[in-house]
Amino acid sequence: MEGGFCILTLPESFLANMQELLGEEYESFIDSYSSPSLRGLRLNLKKVNITFPFTRELEPVPWCNSGFYYTEELRPSKSIYYHAGLFYIQEPSAMCPAEILDVKPKHRVLDLCAAPGGKSVQIGGYLSNEGVLFANDASPSRSRALVNNLERAGIKAVVTTEQPYKLANNFPNFFDRILVDAPCSGEGMFRRDSEAIKAYTISKPQSCATIQREVLHHASKMLKPSGKIVYSTCTFNTLENEGTITEFLSTHKNFSLLPIDYKSLGIAQGKLPETARIFPHHTQGEGHFIALLQKNQNDDEYEQAINPNKGNIKIPKEFLSFCSENLHLNFPSWLVVAHGVNLYLQPESIELSGLRVARSGLFLGESTKGRFTPSQALAMYLTPANVRHSIELPEENAWRYLYGESLTAPDDLSDISTKPWVQICYESYPLGWARLVQGRLKNKLPVGWVTKC
């Protein structure tokens, strides 16, 4: 059938489980598979607010005030705004868990199963450059997309590629909020992704449930007393959803299940009354399950996971020179760390020894051979007010820059005798660096960021 999957392509065990789960609603649920999956984008609140004109004519997603539905004709990934990190293209139901997590500035937040990074970017927007964001994914290959998406969004984060039990050893009772968007059987994505159907087996829900319960157990160790965990999946199976939560509460008496106001979010109640579900026959989104857990205050005494000497390094003089010559701000010396020739800005002096780390914070750049080369991540993080030489490009030249071209410098820069780093912007939103050399803006966009014509 056009726009959806023929019912015969869906696994028989899945259909039987859904009929048992939904009862009289089953036929309406099956009918939803004749409709196409909906597209969504979510504004990056680190850079713009919800009145951003690009989304003015779009229908809002009811459970996310920065989320919007869009049609295929809009093609948002072809917009300069996309390359500037002003929004993230995300399936609408996937926007719900981070909303329910209720992140505030200055919180310490862990996104435990973070790749490809949409929910981490969402969390980073709520932190507003304050607090700590840890984004972890056990797969090093998947973490590459995670790093790229965070850096495009201008989000400062620690990115690790570690198993949850190892993180739990380093960060007992450390985080205010933890998101566990757990690996699952993916039943909720069947309408959207035919590969999810191909990967499904009758035993997959049980094997996923085993992993989910282990991940949630280790997450519980890292949560502060009175802190909150959101557990979510993109599957319908009760074994992986209500079953995992019920088992967790039976073995973790220091946790409580908090009610989710599912009615105000426009979504459905789960089989456990406090939990919530998104069904495609109820709402404009794919399948999702969300549970909100809180750690009781009478738990173990809060333990610091901080190494106070971690950030005390001798900052390379070439980096200090770069800041003096090109920026209007200085970075706190106790938060700057070095790994080989690479410099990072950590959100705190955090102990990361023994962990696989992709980013120990905001990647500042490379200091080598007496010269500092700033990173693309730094260009996307800084605002034009932070940079001594920042220029606005009209749309045509902005695209030329994104295609990797060098440009003629404007008159107000052409007479500068030094070779400063110039932040390239479109409508005040950073796109990357250029180096001013003899009246030309030499394009410094990394190869992986260059847009194909």
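Any read-out appearing in this document is the output of simple, stated calculations on the displayed coordinates, not a laboratory observation. Computed from a predicted structure; not experimentally measured. As a convention, Cβ positions derive from the backbone with ideal geometry for all residues, glycine included, and neighbour counts pool all protein chains shown.
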Convex hull projection area averaged over all views, segment 62-199, Cα basis, nm²: 9.1
Over segment 317-375, volume per residue of the alpha carbon convex hull, in Å³: 84
Karplus 3J(HN,Hα) series, Hz, for segment 203-220 with 6.51 cos²θ - 1.76 cosθ + 1.60 (x for Gly, Pro): 8, 5, x, 5, 5, 5, 4, 4, 5, 4, 5, 5, 4, 5, 4, 5, 4, 4
Cα-based Rg of segment 221-276 normalised by 2.2 N^0.38 Å, two decimals: 1.18
Estimated 222 nm signal from helices in the chain, with DSSP H stretches of n ≥ 4 weighted -39500 (n - 2.57), rounded to 500: -7500 deg cm²/dmol
For L133, residues with placed amide H under 5 Å, excluding near neighbours: V109, V158
FRET efficiency for D412 and N330, using Cβ-Cβ distance with R0 set to 25 Å, rounded to 0.05: 0.50
Karplus (6.51, -1.76, 1.60) ³J(HN,Hα), θ = phi - 60°, over segment 71-86, in Hz, Gly and Pro reported as x: 9, 4, 5, 5, 6, x, 5, 8, 8, 4, 4, 5, 5, 7, x, 7
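Might you report the magnitude of the Cβ-based charge dipole of segment 387-453 about its Cα centre, with Lys and Arg at +1 and Asp and Glu at -1, to the nearest 20 debye?
So the dipole magnitude of segment 387-453 works out to roughly 440 debye.
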Residues K452, K104 arranged by fewest to most Cβ contacts within 10 Å: K452, K104
Cβ charges +1 (Lys, Arg) and -1 (Asp, Glu), total dipole of the chain, debye: 1780
Per-residue ³J(HN,Hα) for segment 432-443, Karplus 6.51 cos²θ - 1.76 cosθ + 1.60, θ = phi - 60°, Hz, x for Gly and Pro: x, 9, 9, 10, 7, 9, 6, x, 10, 9, 6, 5
Cα Rg over Rh - segment 138-182, Kirkwood: 0.98
Relative contact order for segment 387-453, counting Cα pairs under 8 Å that sit 6 or more residues apart, in percent: 37
Per residue convex hull volume, Cα atoms of segment 145-301, in Å³: 142
More than 14 Å apart - percent of Cα-Cα pairs taken over segment 387-453: 52
Hydrodynamic radius of the chain per Kirkwood, over alpha carbon pairs, in Å: 23.4
Amide H partners (placed H, <5 Å) of S406, local residues excluded: N443
Segment 83-188, relative contact order in percent, only Cα pairs under 8 angstrom and at least six apart counted: 33
The chain - percent relative contact order, Cα under 8 Å, separation 6 or more: 13
Degrees separating the helix 12-22 axis from the principal Cα axis of the chain, which is the longest one: 80
Gain in span if fully extended, L320 to K166, counting 0.36 nm per residue against the direct Cα distance: 51.9 nm
Residue pairs, from the table K46/K442; K47/K106; K119/K198; K156/K317; K47/K317, whose Cα atoms sit over 21 Å apart: K46/K442; K119/K198; K156/K317; K47/K317
Percent breakdown of C-alpha pair distances by 10 Å bin, ordered from the shortest bin, for segment 1-146: 10, 31, 30, 22, 6, 0
E274/R435 FRET efficiency (R0 45 Å; Cβ-Cβ; nearest 0.05): 0.20
Angle between the chain longest axis and helix 242-251 axis [Cα atoms, degrees, rounded to 10]: 90
